[in-house]
Structure formats: structure tokens, C-alpha cells
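Note sheet for the following structure.
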Amino acid sequence: MVSERTSIDWYCAPRPDSEPLFGKLLDPKGGSFAIAPSRNSHVIQRYIENTNVLETRFTDVAGNGFTVIDFAPCFEQYRWMYRPTMLIRIVHLLNGAPQLIASCQPVRGWSKQLLKPQRGNSHLDFPGLSDELRLTTTMPLTYLLDGAPVVVTQPIYFAFTWGIPVQDDLPSVCESFLQKTIQHWRDWVKHCSI
């Protein structure tokens with residue numbers, strides 16, 4: 001569940017009936033994964049046409065703006081449906097020099113105990129669960145961990161994974177998965193009787 005301000009406030013992994021990693025929807029201490037502008041901004045949120053890919057646009061009073069694309073990869077690969085336990089978030093610059101603040105604070109299910117991140121080269125690991133939980137990003141980790149504003153000058157990529165992390169070039173993987181997921185949903189819609 002992605003809020004209007006692009007905070008992921010409900011997410012269970014590895015299955016939909018697992019305990020929540022993000023549960024802010026039910027409790028402010030339940031954990032979330034937020035990407036928000038550092039200044040008050042106008043928000044427009046919509047699904048990309050005929051897909052299950054969410055796009056949120058932020059524009060401040062000075063005209064600075066960025067967009068956040070949120071999706072769970074889903075597409076056919078080698079004749080099988082590929083649905084990794086993964087959330088991908090992509091930030092694109094729209095205008096000016098907007099600043100964003102990101103924070104990723106998963107919790108240990110219903111106990112709501114925050115999982116402490118372990119810093120890697122371009123990722124954060126959250127140990128203590130039954131499988132590997134990782135956030136891989138192109139955002140400077142110092143800004144992410146400190147909750148400090150960062151200026152959006154180029155795309156920023158986030159892959160939140162359970163089990164198998166992204167080990168290839170993150171921007172390439174995210175952009176490829178986005179295009180394949182959009183195509184999957186558009187092909188699916190073509191076969192609906194509505």
C-alpha cells in the first residue's frame with residue numbers, strides 16, 4: 001500500500017499473508033519506506049495507463065518537481081511468470097532542482113521492532129529475518145541513513161528485495177523490469193472483457 005505521499009505503509013514479505021515489514025497503516029511505529037519532497041508540494045498520483053504501475057508527481061511552489069514510479073516486477077521470462085519478492089522505486093527529475101528525503105525503516109512483524117541496517121557498498125542489509133532483506137540504491141547511503149535532503153539531478157533507483165538481491169547494474173535492471181512490467185500489464189488488459 002503506497003500512500004498519497006509515496007510512503008509504503010503496508011507491505012508483507014515473502015508472502016501476502018506474512019507478517020508486515022512495513023505496517024504504518026495500522027500503527028505509526030509499524031515501519032515504512034518513504035520518499036518525500038523536502039518542501040511542501042502539490043501531489044498528483046495515478047496509475048500508468050492500463051498497468052499496475054503507480055506514478056506520483058510532486059511539484060513545489062517554485063516549480064521544482066520529481067516523479068516516483070512504484071511497482072512490483074511481474075512479467076513472463078523463459079515461458080514462466082517472473083514475480084520476484086521485490087519492490088522497485090524510481091525517482092525521475094521533472095523540473096528545476098527539487099530535494100527529496102528518503103527513509104527505509106522495516107520492522108520485525110507484529111513486534112514492530114525496527115530492523116537495524118548494516119551498510120554495504122551501495123545497499124543496506126536488514127539482518128535477523130528468515131531470509132536476506134536488502135535495499136539496493138543509487139542514492140548516497142549517508143543521506144538515506146541520516147534522513148538528509150538530497151537534490152534530484154538524475155534518476156535515483158531503489159530495489160527492496162527479499163531473498164535474492166539485485167547484483168547486476170541497478171539502473172539497467174530497474175528500467176528493464178519497468179518496461180517489461182508495463183508491457184505485461186498492457187498485454188493482460190488486452191485479454192480482459194470490460
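The values are calculated or read from the model by the stated rules, or taken from the named source; none is laboratory data. Just so it is clear, the structure is predicted and the values come from calculations on it, not from any experiment. Counting neighbours? That spans all protein chains shown, and the Cβs are built from the backbone with ideal geometry, glycine included. In case anyone asks, the SASA skips ligands and DNA or RNA and just uses the protein heavy atoms, side chains included. Shrake-Rupley method; radii C 1.70, N 1.55, O 1.52, S 1.80 Å.
With unit charges on the beta carbon (Lys/Arg positive, Asp/Glu negative), name the residue among Pro127, Pro98, Gly109 whose Cα is farthest towards the positive pole of the charge dipole of the stretch 76-173.
Gly109
Classify the stretch 53-194 as rounded, prolate or oblate, taking a ≥ b ≥ c as the square roots of the eigenvalues of its Cα gyration tensor: rounded when a/c is under 1.5, otherwise prolate if a/b is larger than b/c and oblate if not.
On the way: a/c = 1.87, a/b = 1.10, b/c = 1.69.
Judged from the Cα gyration tensor, the stretch 53-194 comes out oblate (a/c at least 1.5, b/c at or above a/b).
Hey, which aspartates and glutamates would be in cross-link range of Lys29, C-alpha to C-alpha under 15 Å, not counting anything within fewer than 8 residues on its own chain?
Of all the aspartates and glutamates, those that pass the test against Lys29 - Cα under 15 Å, at least 8 places apart if same chain - are Asp9, Glu19.
Taking θ as phi - 60°, what are the ³J(HN,Hα) couplings along the stretch 117-129 by the Karplus curve (6.51, -1.76, 1.60), each to the nearest whole Hz, with x for Gly and Pro?
With coefficients 6.51, -1.76 and 1.60, one gets x, 10, 7, x, 5, 9, 8, 10, 9, 10, x, x, 10 Hz.
Dimensions of the stretch 86-150 along principal axes (Cα, Å, largest first)?
Principal-axis extents of the stretch 86-150 (Cα, largest first): 42, 21, 21 Å.
Tell me whether the stretch 32-104 comes out rounded, prolate or oblate; compute the Cα gyration tensor, take square roots of the eigenvalues as a ≥ b ≥ c, and use a/c under 1.5 as the rounded threshold. Could you put the intermediate results ahead of the total?
On the way: a/c = 3.07, a/b = 2.12, b/c = 1.45.
Prolate, because a/c is 1.5 or more and a/b exceeds b/c.
To the nearest 500 deg cm²/dmol, what mean residue ellipticity at 222 nm is calculated for the chain from DSSP H runs of n ≥ 4 alone, each contributing -39,500 (n - 2.57), summed and divided by the residues?
Details: 2 runs with 27 residues, N = 194.
Helix contribution divided over all residues of the chain: -4500 deg cm²/dmol.
Which lysines does Lys24 reach when only Cα atoms under 23 Å apart count, and residues fewer than 8 places away in its own chain are ignored?
Straight-line reach from Lys24, under 23 Å: Lys112, Lys116.
Counting only protein heavy atoms and a 1.4 Å probe, tell me what percentage of the stretch 34-102's accessible area is made up of carbon and sulfur.
On the way: 1720 of 3580 Å².
Here it works out to 48 percent.
Run the quick spin-label model on Glu49 and Ser130: label points 7 Å from Cα toward the beta carbon, then report their separation in nm to one decimal.
With each label placed 7 Å out from Cα toward Cβ, I get 4.3 nm.
Please give every one of the lysines within straight-line cross-link reach of Lys190, meaning a C-alpha to C-alpha distance under 18 Å, and leave out same-chain neighbours fewer than 8 residues apart.
Partners found: Lys180.
In whole angstrom, how far apart do the alpha carbon centroids of the stretch 139-176 and the stretch 48-66 sit?
Cα centres, the stretch 139-176 to the stretch 48-66: 18 Å.
Could you provide, to the nearest whole Å², the per residue accessible area of the chain with probe 1.4 Å?
In whole numbers, the chain has 55 Å² accessible per residue.
Once you sort the root eigenvalues of the Cα gyration tensor of the stretch 7-56 as a ≥ b ≥ c, which label holds: rounded (a/c under 1.5), prolate (a/b larger than b/c) or oblate (the other case)? If you can, show how the numbers build up before the last one.
On the way: a/c = 3.24, a/b = 1.29, b/c = 2.52.
In terms of gyration-tensor shape, oblate.
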